């Protein structure tokens with residue numbers, strides 16, 4: 001068992017590493033926060049199905065199906081952690097970032113849960129800028 005000071009960075013690193021070696025799926029220790037981030041990524045089309053697996057003495061895992069283009073290149077080209085435990089990045093509704101000119105996805109943790117920056121803009125709320133995906 002390993003101790004993670006930043007479970008979200010661990011989630012993003014596991015996805016990044018699995019894409020680099022061409023894995024179809026990746027297993028990630030489950031949490032509600034990680035599940036919410038993955039759901040936003042799934043809704044935006046960056047990952048496929050997300051399965052919750054109950055195993056390893058009651059500790060649940062999430063099996064994430066990764067997506068690739070018809071040519072075999074990963075759908076996710078770049079995935080970065082923006083707000084870190086040592087330096088949180090909060091923005092108001094008027095300062096929500098666009099990533100890659102609006103082509104990428106920015107995941108924001110708001111008072112209404114995890115959502116894309118585009119969705120948060122529509123709702124008129126700000127929050128913590130968690131990560132960006134392109």
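The Rg/Rh ratio of the chain, with both radii computed over alpha carbons and Rh defined as the Kirkwood radius, is 0.96.
Of the two radii for region 64-115, the radius of gyration is 1.04 times the Kirkwood radius, both from the alpha carbons; that is the Rg over Rh value.
In degrees between 0 and 90, to the nearest 10, how far off the longest principal axis of the chain does helix 7-21 point, with axes built from Cα atoms? Helix 7-21 and the main axis of the chain meet at about 60 degrees.
Of the peptides 18-27, 40-49, the order by per-residue mean of other Cβ atoms within 10 Å, starting with the highest, comes out as 40-49, 18-27.
Readers should treat all values here as calculations from the given coordinates under stated rules, not as data from a laboratory. In this text, all values refer to a predicted model and were calculated from it rather than measured experimentally. Positions of Cβ are generated from backbone atoms using ideal geometry, with glycine treated the same way; all protein chains shown enter the neighbour counts.
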